[in-house]
Every structure is written in structure tokens, then in C-alpha cells.
1. Across the range 222-276, what is the total count of residues that are more than 25 Å from residue 109 (Cα to Cα) and in a loop (DSSP other than H, G, I, E, B)?
2. Among (1) under 25 Å from residue 259 (Cα atoms); (2) buried (at least 16 other Cβ atoms within 10 Å of the Cβ), there is one condition residue 102 misses while meeting the rest; what is its number?
3. Could you count how many residues in the range 176-210 are within 18 Å of residue 119 (Cα to Cα) and out of contact with any strand residue (DSSP E or B) (no Cβ under 7 Å at 6 or more places or on another chain)?
4. Considering the range 95-151 alone, what residues qualify as being closer than 30 Å to residue 203 by Cα and in contact with a helix residue (DSSP H, G or I) (Cβ under 6 Å, 6 or more places away or on another chain)?
5. Right, residue 146: at pLDDT 95 or above and either on the phi < 0 side of the Ramachandran plot or loosely packed, with under 14 Cβ neighbours inside 10 Å (or both) or not?
6. Among strands (runs of 3 or more DSSP E) lying entirely in the range 95-210, which contain 2 or more residues that are touching a residue at least 12 places away in the same chain (Cβ under 8 Å) and farther than 17 Å from residue 79 by Cα?
7. When residue 177 is evaluated against the numbered criteria (1) surrounded by 15 or more Cβ atoms within 10 Å (Cβ to Cβ); (2) at pLDDT 95 or above; (3) farther than 16 Å from residue 134 by Cα, which criterion, by number, is the only one it fails?
8. Whether any residue in the range 73-92 is modelled with pLDDT under 50, surrounded by fewer than 17 Cβ atoms within 10 Å (Cβ to Cβ) and either in contact with a helix residue (DSSP H, G or I) (Cβ under 9 Å, 6 or more places away or on another chain) or on the phi > 0 side of the Ramachandran plot (or both) is what I want to check.
């Protein structure tokens, strides 16, 4: 996926707020920034007791990195990550992920075919693609872990398809569809609600809801997603995702909310080069 920023978020137990550590995976020259705050040293949280940390590691990229300064141009965005515990135990399930995206990035679903939830909520991956391929805006894969009581954890994986679900009241909806074939046979459909943010660095907010997986015994371990789509609308070429390079960087903020414990928060920046 090209040059990548490695973003690690760690949350301590008890009263310690989320702490963010950032490091560069492939390019020491990449500018980075953190929204890091912790009222005390992690090892001393909760009176020096055992830590109960959750770690989230993200690698992100977009192409092309050379973009117009004053107008939006099509881009292809990729993100991959992992969720885990330092001691190898199972993390609490992720319930919601909120992303705030740079004001110089835009989602544009106007004129793009939409897919209704009824077509995919009970479908396998191949059935969902057959029913809603015209609405496809991205693909990828997810690794899950299903850990039933008194049973060895099972690591199912799934192809992931992302579908445009249309625009209503100014909000764009996207469905992320995965399918577990074992130890249970069930689809996992996550919902993204994209809305405008007015003022400040960010222009779009993505609220991603993750339903209980395998009746609450499953969780996402790894994911790799590619967001893209070119299409024609009113005889003109369009792109679902567009960006410009106004000041040499694109920025995003994220908040991970789990079924227990404090949320993990952070900010990261990716460099871009203005052209034209």
C-alpha cells in the first residue's frame, strides 16, 4: 500500500484516559502528529494494578499523492489495521468507530446506484455482490475471532464488500458486508453514516456501527479495506472519493469505542504534493 503511517493507540485501565503513540512504518520523513493525553503514567494507572490495555494499529495510504491544490480529484484510499491485547487475551468487541475526515476530502455518491439493506442482510458474500454490484464502492477482507466459553477460539476470515446505500437528509449511508461461514453461518453488516462537518479542519464525519458478532462472542482482529469507485453521472466521469492537496497534508481523527473501557482517540496526517 506504499508508504504507511503506523498508528498505535493504547488505553489503560481504571481512570487513565486514552494514550496515543505514533511511529512511522516505512518513511521516517513522513510528518506525524498525535492527540495524546494521559493524566498519569500508564503503568501506574489504577494504583499500579494489572493493565487492561487495548491496542489498535492502523496503516493508511491514498493514491495518487500528487493532487490539485484548488479542485477535487479522484483518489483511491486504503486502510489496514489490527486490534488486540498486549498479553494475547481477547479484546472487548468494537462497537463504534468515528472518523472525522479532512475538509479537503469529499464523498460524492450523487448518481451512484444504491443498495438496500434487505438485499444483503441475510446474504453470503457472493449473493450480496450479485444483488448489489452496481453499488459497490470498496472491497477488502476481515479476520475475526469467535471465542465461545470453554472452547478454543476460532479464527474465521471473510471477504468484505462495501456498498453505497444512498443519500437521505444530507447523509450518505454505506454498508460494509462480511460473511462468517464458521463456527456460525451469518452475515455481519456494519453501517457507515457520513455527514457534513462545518468549520474547523474536518469536513466529513463517518460514524461506523458494528453489530454484535456471533451473539457477542466474536470480534474483529484484523482488517484491510480499499475504498474506490469511478462511475458516470449525466454523461460525466465521477468518483465516489475525491481529494485536493491544499496545504501539503490530509488529516483524520478517529475514536474507537469498545463494549467496555474508555474510547481510544488519535489524530494522524498523511503528506500530499500539490500540482497545477
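1. Looking only at that region, the number is 8.
2. (1)
3. Matching residues across the range 176-210 total 1.
4. The answer is 113, 114, 115, 120, 132.
5. No: the conditions fail for residue 146.
6. It comes to 136-146, 157-168, 171-180, 186-196, 202-209.
7. (3)
8. no
The values are calculated or read from the model by the stated rules, or taken from the named source; none is laboratory data. A quick note: this is a predicted structure, and the numbers were derived from the prediction, not measured. Please note: Cβ atoms are built from the backbone with ideal geometry, for glycine as well, and neighbour counts cover all protein chains shown.
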